[in-house]
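Here's the structure we're looking at; comments come further down.
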Amino acid sequence: MKWIFGLLFLLSVLFSGCGLRERETSVQKKETELAQKEQELNAKEKELRLKEEELIKRAQWLDSTAQDTTVMFNPQLLGQWNARMTCTETTCSGSAVGDTKTETWELTFQNDHIIARAMTGENMVRVYTGTYKNNLLELTENVELSPSTPATKILVRLTLVNENTLDGLREIIRTGDCKITYALQLTK
């Protein structure tokens, strides 16, 4: 009887050894598949991190541009201003250094832009549009070319000195090498 148990034990060891190589091969194959999936997962994680960083940068950029509004940062600009301009430089005929002009400017805020309406008496002379950033108000007006007037670009750069004073320059640039520069002061 001992021989029968010994023989059964020997047969069970032999038969169990046959499947060992197959199981070992199967385990190695599964380990390889797991390693490959782990690499794919790491690549996806890296891709998601990069996308997240891009989204964060974009959100920060959008937040910073949204904060550049006059109403939020400087409501002192809005309202009626008395503008005094003195010609300091000219290469145009019909203008002389020392010429002065006075206008009334109404500064308003529309769609993330400053709108300046220049009035002489009751007549609107021109409308400037621009932006206010880092204590600098930049305005422009483009006059279209017509038979009676040459193409003209007017640039205005003003700095807020105090709540009642803006100082800066107004440049008028016309075709044909014509430029007029005014010292510009706005007071409330």
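The values are calculated or read from the model by the stated rules, or taken from the named source; none is laboratory data. Given the structure is predicted, the values throughout are model-derived calculations rather than measurements. Every residue, glycine as well, gets a Cβ built from its backbone with ideal geometry; the counts of neighbours run over all protein chains shown.
Taking the criterion of being farther than 16 Å from VAL127 by Cα and in contact with a strand residue (DSSP E or B) (Cβ under 8 Å, 6 or more places away or on another chain), the residues of region 94-111 that qualify are SER95, ALA96, VAL97, GLY98, ASP99, THR100, LYS101.
The residues on offer are ASN82, ASN74, ASN42, and the sole one that is under 24 Å from TYR132 (Cβ atoms), at pLDDT 75 or above and surrounded by 10 or more Cβ atoms within 10 Å (Cβ to Cβ) is ASN82. Could you tell me whether any residue of region 141-149 is under 29 Å from the mean Cα position of the chain (by Cα) and surrounded by 15 or more Cβ atoms within 10 Å (Cβ to Cβ)? Yes - at least one qualifying residue is present in region 141-149. Of all residues in region 107-136, those that are small (Gly, Ala, Ser) and without any contact (Cβ under 8 Å) to a residue 12 or more places away in the chain total 1. Of the residues making up region 87-107, just one is at pLDDT below 90, among the polar types (S, T, N, Q) and surrounded by fewer than 15 Cβ atoms within 10 Å (Cβ to Cβ), namely SER93. For region 165-178, give me the residue count where each residue is surrounded by 14 or more Cβ atoms within 10 Å (Cβ to Cβ) and closer than 23 Å to ALA151 by Cβ. The qualifying residues number 7.
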